[in-house]
Amino acid sequence: MKGMWASLVDWLDNRTGFRWLRHHALDEPMPAGTGWWFTLGSLLLFGLSIQVLTGIGLALFYAPTPDHAWDSVRYITTGVRGGAFLRGLHHWGASVVVVAALLHLARVVFFGSYRKPREVNWIVGLVLLHVILAFGLTGYLLPWDQRAYWATVVAINISKLTPGFGEVVASLLRGGADIGALTLTRWYAIHVMVLPLALVTLVVAHLYLMRRHGISGPVRPQAGPSQMFFPHQAARDLTIAMLVGIVLAVMAWKGAPPLEPPADPTSSNYIPRPEWYFLGLFQLLKYFPGRWEVVGALVVPGVAMGLLALLPWLDRGRSREARRRLAVLIPFTFGLAVVATLTVLGARDAPAVSESRWNIQEIGGAAMVNTSERCTRCHRPDGLAAPIEPGRISKPGDWVAMHIADPEVIAAGVRDAPQGSKTAQAETKAMIAAVSHLRSGPPPALDSATTHVYSEFARQCFSCHTLDGAGGKDGPDLSHAGLKLTADIIEQRIIDPKSVKPDSDMPAFGGKIGPEDIRAIANWLASRK
Amino acid sequence: MNAHDSNRRKTLAGLVAAGMSLIGAALAGLVGAAATPRAVDRTRKWRKAASMFDLPPDQPFAAVLADRHADGWYETRKETVVYLDKVGEEYRALSATCTHLGCRVSWNLETKHFHCPCHGGVYDRDGRVIAGPPPAPLAHVNVRLNSQTSDIEVEL
């Protein structure tokens, strides 16, 4: 049996030459003293492999269209077996790749490994770093949520600063007149076809050049016999890969950060922030106002990259020891510290503006949406339409308005909305306001009694009275009603306004709202000081 | 190999290289032509932004204008936000797009300024830059009042 197997392997080797390939790939002599610092390249390769494999898994389900991208990513997270873990691995794997690439680059600089004859491989490595960052940038858009959309708006507008042909570059990145369907398909094609092709080509070139010149080894050559890559260095590589793999799996176990609401170009309360590895650039842009913008966006990063690319020609001494290369290592370390500081400052900058406060009408409207038979007869778990979930309303605003006014409408403008009573109109307005706000998340959690009062106020009072800056102007502002009126007087004014104020033109609500509800509204208004 | 053969070989090699370059250039040109976006029709037209009665007296009003929009194969709606304001007896419309890197500015009720959430740009009620990196004021959009319908119309 063993003879047959050996014959088969010999035959395969004769036809393919795989033994030569294995020998060439694994039996590389490593200089004495090569150690753990030289595992970072393999760690990067390990991270890239994870990205390729998990990317294939995600591509099985992802649909690159504006009306399906968000839903397909949501389905991956909630409907695919192991989907949340898969997406988590891809998301955090991207960070592992960036960290490994930066550490690898730093190791090469500190060890002076870019020096003659490895100049070309150094340049290939820098291009590879840009390909990795381009993966991050293009992958960011694909979930088509708020974060994705606004990060892409900023990225494309930065490209407009390219001297001479900024508009051409921006137009090529956008694909169409605005960021939309053509941008999404374009960035998807770049992410899953163009960049992987570039990645494979560059990785093969990097490995080929690494083997052609051999690894640089320790800074100070050490005496002793060289060891083969396999199994000695391979064991170190595997150890590091497994340790990082465990950390990655733990991070991915909780999945990727949750999807944000679907992309909304009209949103004004969303605060866009890039992924952490672009936070340094994000922060840098703040320091270059007006016409100096191009300096922060392109000149500073461009000059830094240019200097890095020229390192092999700027640093040409004999010794690779750090103390003899301080002219290179001090500015490089300073540059790393600047990038790290900018990244931390960018991460700490979270303006408090975007707290999207729910007003009384919206909270009341949300309660109506949850309880109104108009909505729940279809929007329920086993109903004709999916339940209404905060943060996933992707239909345009006027479609939603028309649909709430006339639930059987299928497109805005197809049929006029039926005219209802004033109360029904107020209800409709409240529900429209609530659904618009539900795009960005759920309403605040309140007890049922308070929510009920808010609903009644939205239904009966909001169209005439202002509360905290929102509402009608026909009646007095009730934001601080409790400063002037007691609950008893408010109650009486609601039941029969003329009994308290004979010249009042407010209608009597005595027969329209139940006595308990009137009492509850009066108590609540009286508590507003 | 004599000189004649050598020349023939060089000529043939040159022809093969030229042919392959031609095929490569043709394929690259084809992909490049497909990837180049079509020219965009930017013709402006007057459209209703809001009723004059919608405008609150003490703050700009964010009007969302929706329009049918062909985004390649995808029929969608393009939604544009402009801030309408009344200055004396005149109306004014400001684009809600930050002139820095295109984020959406919003009116802050407390500071009475427009704030950009991205890089901290701040504009006053007239759209002038008062802080942060924006290189230019908020763009003014042509606006008019349709006296027959009481609608405020903007040219977009």
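The values are calculated or read from the model by the stated rules, or taken from the named source; none is laboratory data. What you see is a predicted model; the values in this text were computed from it and never measured. We place every Cβ from the backbone using ideal geometry, glycine too, and count neighbours over all the protein chains shown.
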Of all residues in the stretch A:241-256, count the ones that are of a type in the set (D, E, K, R) and in contact with a Leu (Cβ under 8 Å, 6 or more places away or on another chain). 0
Quick one: which residue in A:482, A:469, A:475 is surrounded by 13 or more Cβ atoms within 10 Å (Cβ to Cβ) and on the phi > 0 side of the Ramachandran plot? A:469
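The rows are residues; the columns are (1) crowded, with 19+ Cβ neighbours inside 10 Å; (2) in the same structural domain as residue A:220 (by TED's automatic domain parsing).
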| position | (1), (2) |
| --- | --- |
| A:7 | no, no |
| A:10 | no, no |
| A:17 | no, no |
| A:37 | no, yes |
| A:42 | yes, yes |
| A:46 | yes, yes |
| A:51 | yes, yes |
| A:65 | no, yes |
| A:70 | yes, yes |
Filtering the stretch B:143-156 down to residues that are surrounded by 13 or more Cβ atoms within 10 Å (Cβ to Cβ) and over 22 Å from the mean Cα position of the chain (by Cα), which residue is farthest from the other protein chains (Cβ to nearest Cβ)? B:144
Among the residues listed as B:10, B:86, B:45, the single one being surrounded by 15 or more Cβ atoms within 10 Å (Cβ to Cβ) and either among the charged types (D, E, K, R) or out of contact with any Pro (no Cβ under 9 Å at 6 or more places or on another chain) (or both): B:86
Of these, A:491, A:427, which one is charged (D, E, K, R), more than 14 Å from every other protein chain (Cβ to nearest Cβ), under 17 Å from residue A:361 (Cα atoms) and assigned to a helix (DSSP H, G or I)? A:427
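Residues of the stretch A:32-67 being at pLDDT 90 or above and of a type outside the set (A, V, I, L, M, F, W, C), which ones?
Selection gives A:39, A:41, A:42, A:47, A:49, A:51, A:54, A:55, A:57, A:62, A:64, A:65.
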Residues of the stretch A:14-30 being within 21 Å of residue A:211 (Cβ to Cβ) and part of a helix (DSSP H, G or I), which ones? A:16, A:18, A:19, A:20, A:21, A:22, A:23, A:24, A:25, A:26
Looking for whichever is part of a helix (DSSP H, G or I), in contact with a helix residue (DSSP H, G or I) (Cβ under 6 Å, 6 or more places away or on another chain), modelled with pLDDT under 95 and surrounded by 20 or more Cβ atoms within 10 Å (Cβ to Cβ) here; the options are A:158, A:132. Which one fits? A:158
Quick check on the stretch A:290-312: of everything there that is surrounded by fewer than 19 Cβ atoms within 10 Å (Cβ to Cβ) and within 24 Å of the chain's Cα centre (by Cα), which residue is farthest from the other protein chains (Cβ to nearest Cβ)? A:301
For the stretch A:316-333, state whether one or more residues are among the acidic types (Asp, Glu) and away from chain B (no Cβ under 14 Å). yes
I'm trying to understand the selection: among the residues of the stretch A:259-292, which are at pLDDT 85 or above and not aliphatic (A, V, I, L, M)? A:274, A:275, A:276, A:277, A:278, A:280, A:282, A:283, A:286, A:287, A:288, A:292
Kindly provide the set of residues from the stretch B:88-109 that are free of Cβ contacts under 8 Å to residues at least 12 places away in the same chain and farther than 24 Å from residue B:39 by Cα, ordered by number. B:88, B:89, B:90, B:108
Odd one out for residue A:260 among (1) within 14 Å of chain B (Cβ to nearest Cβ); (2) surrounded by 14 or more Cβ atoms within 10 Å (Cβ to Cβ); (3) assigned to a helix (DSSP H, G or I): (3)
Could you check the stretch A:163-197 and list, in sequence order, the residues that are closer than 29 Å to residue A:295 by Cα, small (Gly, Ala, Ser), more than 8 Å from every other protein chain (Cβ to nearest Cβ) and in a helix (DSSP H, G or I)? A:166, A:170
For the stretch B:122-142, how many residues meet the condition of being buried (at least 20 other Cβ atoms within 10 Å of the Cβ), more than 9 Å from chain A (Cβ to nearest Cβ), part of a loop (DSSP other than H, G, I, E, B) and not aliphatic (A, V, I, L, M)? 1
Test residue A:99 against the stated conditions and say whether it is part of a helix (DSSP H, G or I) and touching a Pro at 6+ places or on another chain (Cβ under 8 Å). no
Taking the stretch B:41-69 as the region of interest, how many residues are part of a strand (DSSP E or B), more than 19 Å from residue A:470 (Cβ to Cβ) and within 9 Å of chain A (Cβ to nearest Cβ)? 2
So, in the stretch B:85-117, exactly how many residues are hydrophobic (A, V, I, L, M, F, W, C), more than 9 Å from chain A (Cβ to nearest Cβ) and part of a strand (DSSP E or B)? 4
Could you list, ordered by first residue, the pairs with Cβ atoms under 6 Å in which the first is in the stretch B:70-81 and within 11 Å of residue A:266 (Cα to Cα) and the second is among the β-branched types (Val, Ile, Thr), at least 6 apart or interchain? B:79/A:266; B:79/B:64; B:81/A:266; B:81/B:64
Checking residue A:287 against (1) away from chain B (no Cβ under 14 Å); (2) of a type in the set (Ser, Thr, Tyr); (3) over 19 Å from the mean Cα position of the chain (by Cα): exactly one of these is not met. Which one? (1)
